[in-house]
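Structure, as C-alpha cells:
The values are calculated or read from the model by the stated rules, or taken from the named source; none is laboratory data. Computed from a predicted model, the values in this text were never measured in an experiment. Cβ placement follows ideal geometry from the backbone for every residue including glycine, while neighbour counts extend to all protein chains displayed. Heads up: the accessible areas ignore ligands, DNA and RNA and are worked out on the full protein's heavy atoms, side chains in. Shrake-Rupley method; radii C 1.70, N 1.55, O 1.52, S 1.80 Å.
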Amino acid sequence: MASASAPIHELGERGLLPPGTTFNDITEAVCRVTEEKAPRGWWMLFLPSVGLLGLMVSCIVYLLSMGIGVWGNNTPAYWAWDITNFVWWIGIGHAGTLISAILFLFRQNWRTSINRFAEAMTVFAVLCAAIFPALHTGRPWFDYYLAPLPNQMGIWPNFKSPLMWDVFAVNTYLTISVIFWYVGLIPDLATLRDRSKSLRRKRIYGALALGWRGSHRHWQHYERAYLIFAAISTPLVLSVHSIVSFDFATSVMPGWHTTIFPPYFVAGAVFSGFALVLTLMLIVRSVFKMHSLVTLKHLDLMNKFMLGTGIMVGYAYAMEFFVAWYSGNPYESWVFFHNRLGFGYLDQEGNWGPLWWSYYAMVSCNVIAPQLFWFKKVRTSIPAMFIITIFINIGMWFERFVIIVTSLYRDFLPGSWGGFEATWVDIALYAGTFGLFFTLFLLFIRWVPMIAIAEVKATLPHAHPHHSDDDHADDHAAGLAEPAPAE
Amino acid sequence: MSKDEKKPAEKKSGKKAQPYTAPEGSFWAKAWTLPAVLAGLGLLLVIVFGVMGNVERLGYAYLFALITVLTFVFGGLFLVIAEHLTAGHWGVTTRRIPEVVASAAPLVGVLAIPLFAGVYSGSFTMYDEWMHVHHHDAEHEEGEGEHDEGDSEEGDEAAEDEASDEEASLFGASVAHAQHGDAEAEEHVAHHTPQYEALHHATLQKKSGYLAPTGWGVRALFYFLIWTVLALFYFRTSRKQDETKDLQLTNKMKKWAPLSAIAFGLTLTFAAFDWVMSLEPTWYSTIFGVVIFAGSAVGILAFTTIIAISLIQRGVVGKAMNVEHVHDLGKLLFGFMCFWAYTSFSQWMLIWYAGIPEEAVWFHKRWEGGWQFWSIVLMLGHFALPFYYLISRMVKRRLPMMMIGAIWLLTMHIADVYWYVMPQFGPLTPRPVDFGALFLVGGTFFAYVFWQLGRVPLVPVGDPRLQRGLDHHQSH
C-alpha cells in the first residue's frame, strides 16, 4: 500500500524532484558551483555588474559634491525617482521573507528549492534600497540623526513621523533577514567544509559553520531556531511594506491617502519580489545547469503565485478607482481621472495630465501581462515566463512612479502645478544600484550554496519516516506514470 | 490512492453503513432544535419590541443580524475555495463544516427579503439619506429659504450659501464635511448649517450613480445569485463525491476555484459597500471590503473549531478529527485574528492620522455616545487578550481551552458586526429587539446548518486526500 503522502497522479500531483534523485545528486549539484571554476556565463554577468557598481559610486560622489539638485526632483515633485527606487527595491526583498517564513509555516515544501536564493536577494535588495533615502536627506553625513541616540545637541527623531518608523522597520527587517539567512545556511556551510580540499577553504567554511556536526541534538536546536525565526519574520513581511505605505497614506494627498495602501503595498511587494526571483532563477538555472533541482513544477507554482498576487494588486487598483469616483471628492477624482487615467477632467488648456502614459504602462505590465499565467502552456514555457516577469518588474517600478509623481505634480492648486523630467543622474544611479545588487548576488552564487541542500533533501521520498514501507513500488510507479519533466 | 484504501478509514467509525454521520438519536442528530427554539424566541422579541415597537430600530437590528450570518457564508465560501486553491490536505477532514455553512447562502437570500421589503416600503430608514435623495430634491429647494430665516445667527454661512451650484458641486465634498466635523465636535448631535445641508445634498447627488434604489436592489440579487451558485456547486459536488468517490470531482472543484475566488472577492467587497459602508453615505474607505473579509474569516474559523471540538468530544467522527486538526485550525484562527487587527488598525490609523473630516466622521460616531466603550472592548477582546491566549501552543492543543478561545472570538466577531452597523442608529443602547433580530436570523440560519450537519457525513469521505488528512500530524 502506498503511503498517504505519495502523490496522487490522477489529481495531477507529482513529486517535486524527478524520480530517482538521490541525496548525493543534490549535494553535488549545489556544491560544485562553489568548487569548480566559474563558467563563462558567470564572468559575462559579473564584469558588467562591477562596471555598473562603479557607475553607482561615481554618481554618488557626483551627487554629494553637487547636491541633490542634480536629480529631477523639484517643487512640487519633491519625491520622484529616489523614493520610487527605494520602494521598488524594498518590495523586491519581500519574496525572500515570504518564501522563507510564511510558506514555511504553511508547509509548502516546494519553497526549499528557491528560499536560499530569495533570502539572499532580500538582503541585497534592502541594501540597494537604503541608498536612496540616505541620499535623499540631502546631507547624508547627518543621517545618524535618524538613530535614537541621546546626544548633546538635543536632536531627537520625530517619532510621530512615518518616515521615522520606516527607519526602524527597514533596519529590523535587514537584521532579521540576515540572521535568518545565516542560521539556515549553517548545515550547508558544514557540508562545504566537509567537502573542502584546501586547508584555507576548510578553515573559512569551518569557522562559518560554527562547529556544526549534524548530530541529532544540533538538528533539534536548528529546527527550533528556524521555526522561531520564521515566526518572527512573518509579521515583518506585512509590517515593512505597510510602514512604507504609511509614508504616503498618512498624508492628505489625493492618490496617497487611501486606506487600502498597507495590504496593497504588501501584495505588490510580494508580486514584484517573486518576479525578480524568477527572472534571476531562470538565468542562474541555465548558467549552472540546475534543471533537476528547480523543476518546471517549481516554476509553475511561482507563476501561479504571481497570478494570484497580480490579481490582488489589480483589486487594489480597482478599489482606488472605484472609491475616487464613489467618494464624490473632486480632488480624488482629479488625480485618478486627470493625472492617471487621462479620461475626463481636462485642465485649462483642455489636456489630460501629461504623465497619463505611466499609468497605462503600470496596468498593462502588472494586471494584464500576468493574466497569461492562466494558461498552463505559458506557466511552463521558459521564454514566456521570462518575458512576463520582466514586464512585472517594469510595471511595479511604474506603480511606485505613478503613485509618487502623478499625485504630487498636479494637486489641489493649479497655481502650484509643475512637471517632472528625470535627469541622467536619476537614471544612472538607478542603473548603478543594479550593479551593487548583481555584484553581491553573483559573489553569493559562487561562494555560498545557492540552494538549501539540507531542506531540499527533506522533500525527497526517502526522507519520509514511512518511506521504507513503500519505497521501491512507489518509485517504480512514479517513474512509469511521470517521466522526468522534459525541457 | 484508490477506493480500497478508503475502507479502513471508514471501518474506524464502524457503527453504521454511513460513515462519519451523526448516529440517530445522538446530540448532533437533533442539535438543530436548539437554534430553532432560539429563532422562535427571536421572532417573539422582534414582534413585540420591533414590529409593535420601534420599527426604525428593528431595521438596524435586522441588518446587523443579516450581516452577521452573511459573514459566516463569506467565511465558509472562503475556506472551501481556499482549500481547493491550495490542494491542502490537513483541512480535508474539517472541510464539510464550512461547506455546510456556505450552503446556507440561498437561505440568507430568503432571510434578506424582510430587509429589502422594509427598505423599499420605507419602514426601514437606515438608507433613507441616499435612497430618497431624488425625491427630496423639490422639498430641499423650498426648504432652503426657511433655513435662511430660521438660522439667522449663522448669517455668514447663509451668505456663502448663495454660491453658485457649480462651485458647490466642485468643492462640495470637502467643504461640506469640514462643516460637519466642526458641528460634531461641539456636541454629538450635529446642528447642520444650511450651507452644510446644501453641500451634503450635492455630494449625495453626485453619488446617486451608485447609491440609487434600483441599482442597489439589482446588485443584491446578483450577489445572492453568485453566492448561491458557488456554495451549492462546492457543496453538491463534494456530496456527490461522498457517494461516487470520483477523483475527477476534485479536479473539477480545483479547476473552478480561482474564478470562484475572484467572483467571491468582488461580490463580498461590493456587498460590504452597498449594505454597510452606505449607512454613512458620504464616508468611504478602500480597505473596507478587506476588513469585512478578515472578520468573516475569524467568524468561520471560530465556528469550525467549535463544531470540530464538539464532534471530537462526542465521539461522532472517530479519529477523523483530532487534536492535530484543532491545533491547525487554532493557528489559522490566530493568524486571521491578527489579520483582522492589521486591517482594522490600518483603516483607523490612516483616517485618524490624516484627520480629514469626511472620513473621520465614521470613527467619530464610534467614539461617542457610549460607543467608546464598545470600541475599546473590541481592541482588547478581539485582539489583545486572545492574542496572548491563542499564541500558546499549549492552549491550541487542549480541546477545552481552545473551545473557550473559539467561543470568545465568535462572540467578539458578532460584537464587531454590531459595531459596524449600530452606531449609525445612535448612542450605544442595546435593546431587546437587537437580540430578537439576532436570535431570529441567526437561529434560523444555524438551525439549517445544524440540521444539515446532522444528516450528511461530517467528513468528505470521498475526497482522495482524506487519508493524508487523517494521517496528519504536526511538524511544528
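Computed across the stretch B:355-446, the Kirkwood radius stands at 15.1 Å (inverse of mean 1/r, all Cα pairs).
For the protein assembly as shown, the Cα gyration tensor yields ellipsoid semi-axes of 47, 42, 23 Å (square root of five times each eigenvalue, largest first, whole Å). Taking the stretch A:127-217 as the region of interest, what is the percent of Cα-Cα pairs per 10 angstrom bin, listed from the shortest bin to the one with the maximum distance? With a bin width of 10 Å, the distribution comes to 14, 30, 19, 19, 17, 2.
The per residue volume of the convex hull around the alpha-carbon atoms of the stretch B:198-263 is 83 Å³.
Shielding value for A:261-267 is 4, the average number of Cβ atoms from other chains within 10 Å of each residue's Cβ.
Once you've got the Cα coordinates, tell me which of A:37/A:376; A:37/A:197; B:206/B:365; B:240/B:331; A:376/B:331 are over 26 Å apart. Pairs exceeding the cut-off: A:37/A:376; B:240/B:331; A:376/B:331.
Put A:223, B:280 in order of accessible area, highest first, and with a 1.4 Å probe you get A:223, B:280. Computed over the Cα atoms of the stretch A:1-140, the ratio of the radius of gyration to the Kirkwood radius (Rg/Rh) comes to 1.15. Between helix A:115-136 and chain A, what is the angle of the helix's C-alpha long axis to the longest principal axis, kept within 0 to 90° and rounded to the nearest 10? Helix A:115-136 sits at roughly 20 degrees to that axis.
Averaging the Cα positions of each part gives two centres, and for the stretch B:402-476 and the stretch B:44-98 these lie 7 Å apart.
Averaged over residues, the count of other Cβ atoms within 10 Å places the peptides A:432-439, A:92-99 in the sequence A:92-99, A:432-439, highest first. The separation of the stretch A:18-35 from the stretch B:209-254, counted between C-alpha centres, amounts to 47 Å. With the Cα gyration tensor of the stretch A:4-83 giving a ≥ b ≥ c as the square roots of its eigenvalues, does the rule (a/c under 1.5 for rounded; else a/b larger than b/c for prolate; else oblate) give rounded, prolate or oblate? Judged from the Cα gyration tensor, the stretch A:4-83 comes out oblate (a/c at least 1.5, b/c at or above a/b). Taking all C-alpha pairs of chain A, those more than 39 Å from each other amount to 28 percent. Distance from the alpha carbon centroid of the stretch B:342-371 to that of the stretch A:226-287 works out to 25 angstrom. Per residue, chain A exposes an accessible area of 42 Å² to a 1.4 Å probe, with every protein chain left in place. Computed on the stretch A:215-324, the Cα convex hull volume stands at 136 Å³ per residue.
Each semi-axis of the equivalent ellipsoid for the stretch A:283-383 is √(5λ) with λ an eigenvalue of the Cα gyration tensor; in descending order they amount to 39, 15, 9 Å. Sum up the charges of everything whose Cβ sits under 15 Å from the Cβ of residue B:453, counting Lys and Arg as +1 and Asp and Glu as -1, but leave residue B:453 out. Combined, the nearby Lys, Arg, Asp and Glu give +3.
Packing, taken as the mean count of other beta carbons within 10 Å per residue, orders the peptides A:78-87, B:214-223 from highest to lowest as A:78-87, B:214-223. Dipole magnitude for chain A: about 1380 debye, using +1 per Lys or Arg Cβ and -1 per Asp or Glu Cβ, origin at the Cα centre.
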